[in-house]
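The values are calculated or read from the model by the stated rules, or taken from the named source; none is laboratory data. Bear in mind the structure is a predicted one, so any value in this text is a computation, not a measurement. FYI the Cβ positions are ideal-geometry reconstructions off the backbone, even for glycines, and counts take in every protein chain you see. When the accessible area is computed, the model is the full protein with side chains, heavy atoms only, and any ligands, DNA or RNA have been set aside. Shrake-Rupley method; radii C 1.70, N 1.55, O 1.52, S 1.80 Å.
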Amino acid sequence: MYDKSVLSLERGGLKLFFVDDETLQNVAALFGEEAVRVVEILEKVDEITDIQIVDQTEIRLNTVRKTLYRLYDHSLVGLKRFRDQETGWFVFHWRLQPDQLEGFIFNQKCRVLEKLETRLEYEKSHEFYTCQTPGCKRLPFEEAFEFLFKCPACNKPMVHVNNCHIIEVITRKINQIKKELGE
Ligand SMILES: [Zn+2]
């Protein structure tokens, strides 16, 4: 279902990747803006070293390395290791693994969806009470009853709170993710 969003072209043995904006937004949400800039570099090249990424982005080497390792940790980028003939040091060549990227984001969305559905069920099956003091917690009926409808934090009386808006927001988010997942 993600076939359309990631295309890879073979050009005389050179593979170029195209990651769409939606995927990049997801990368930003999960790994931060620097990861987006790294992915944007990676999608234009077959393989690249961390130093070359620094040259093209002016992101600090340490940040580039941390970002690459985080992406690598989730198999979103792959690496090959070479020994530099002159210095004897290892050189890493990084490449994007766009199929993994799509799969990873898909799984993340499934996980979020699951959490939202659990939360929706909780919201629908409980009545909530609040003291209306900023910073104090909303309590479900069962707990508020135990405190005789007096806030355990600020001691003010608690009143019933309508959670229709929360239910609406969660439902909207669930529908949006389902649509993105192609359900
Ligand atoms: Zn309170």
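The order of 125, 75 by accessible area, most exposed first and with a 1.4 Å probe, is 125, 75. Rounded to two decimals, the Cα radius of gyration of the chain over 2.2 N^0.38 Å is 1.50. The order of 178, 115 by accessible area, most exposed first and with a 1.4 Å probe, is 115, 178.
Packing here is the average count of other Cβ atoms within 10 Å per residue, and on that basis the peptides 77-90, 52-65, highest first, run 52-65, 77-90. The portion of the accessible surface of segment 126-180 made up by carbon and sulfur, rounded to a whole percent, is 57 (1.4 Å probe; DNA, RNA and ligands excluded). Rounded to the nearest 10 degrees, the angle from helix 61-73 to the longest Cα principal axis of the chain is 70 degrees.
A simple charge model with +1 on the Cβ of Lys and Arg, -1 on the Cβ of Asp and Glu and nothing else charged puts the dipole of segment 126-180 at about 260 debye relative to its Cα centre. Protection proxy ranking, highest mean first, for peptides 151-163, 38-50: 38-50, 151-163, where packing is the per-residue count of other beta-carbon atoms within 10 Å, averaged. What the phi angles of segment 48-54 give under the Karplus curve with 6.51, -1.76 and 1.60, with θ = phi - 60°, is a coupling list of 7, 9, 4, 4, 5, 5, 4 Hz, glycine and proline written as x. Toward the positive end of the charge dipole of the chain, with +1 on the Cβ of Lys and Arg and -1 on the Cβ of Asp and Glu, the farthest Cα among 103, 160, 18 is that of 160. The residues of segment 126-180 present an accessible area of 71 Å² per residue when probed at 1.4 Å with all protein chains retained. Take every pair of alpha-carbon atoms less than 8 Å apart whose residues are at least six positions apart; their mean separation over the length of segment 28-101 yields a relative contact order of 32 percent. Between helix 33-42 and the chain, what is the angle of the helix's C-alpha long axis to the longest principal axis, kept within 0 to 90° and rounded to the nearest 10? Its long axis makes an angle of about 30 degrees. The mean sequence distance of close C-alpha pairs (under 8 Å, at least 6 residues apart), as a share of the length of the chain, puts its relative contact order at 15 percent.
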